[in-house]
Amino acid sequence: MLLAYGLAARIPVALVMLAAILGNWGTHYDVLPRRAEMAGLRKWFVIGLLPQMTIWLWFTSVIGGLFGIGAGAIAARKG
């Protein structure tokens with residue numbers, strides 16, 4: 001269930017990042033450090049798709065699971 005939620009939350013962000021990169025919006029979604037020069041789909045893959053589908057998906061699942069365990073423990077103590 002958390003994996004489905006993570007995908008539902010992260011896929012739209014990755015798509016917005018694609019639009020920002022291809023449209024040169026100049027927001028935090030498409031800005032790289034000055035030393036790093038990339039363009040187009042490669043830039044989106046490196047700073048958009050890869051982190052959203054690995055790091056952030058893992059983070060969403062783990063933190064959601066921890067909060068679920070905590071909520072379950074509180075519910076069990078109440079009765």
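Derivation of every value follows stated rules applied to the coordinates shown; laboratory data play no part. Since the structure is predicted, the reported quantities are computational estimates derived from the model, not experimental observations. Positions of Cβ are generated from backbone atoms using ideal geometry, with glycine treated the same way; all protein chains shown enter the neighbour counts.
Structure data summary
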| item | result |
| --- | --- |
| Condition check for Lys78: surrounded by 11 or more Cβ atoms within 10 Å (Cβ to Cβ) and more than 23 Å from Tyr5 (Cα to Cα) | no |
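One line per residue, one yes/no per condition, for (1) within 30 Å of Gly68 (Cβ to Cβ); (2) under 9 Å from the mean Cα position of the chain (by Cα); (3) without any contact (Cβ under 8 Å) to a residue 24 or more places away in the chain:
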{"residue": "Arg10", "(1), (2), (3)": "yes, yes, no"}
{"residue": "Gly26", "(1), (2), (3)": "no, no, yes"}
{"residue": "Tyr29", "(1), (2), (3)": "yes, no, yes"}
{"residue": "Pro33", "(1), (2), (3)": "no, no, yes"}
{"residue": "Ala36", "(1), (2), (3)": "no, no, yes"}
{"residue": "Lys43", "(1), (2), (3)": "no, no, yes"}
{"residue": "Met53", "(1), (2), (3)": "yes, yes, no"}
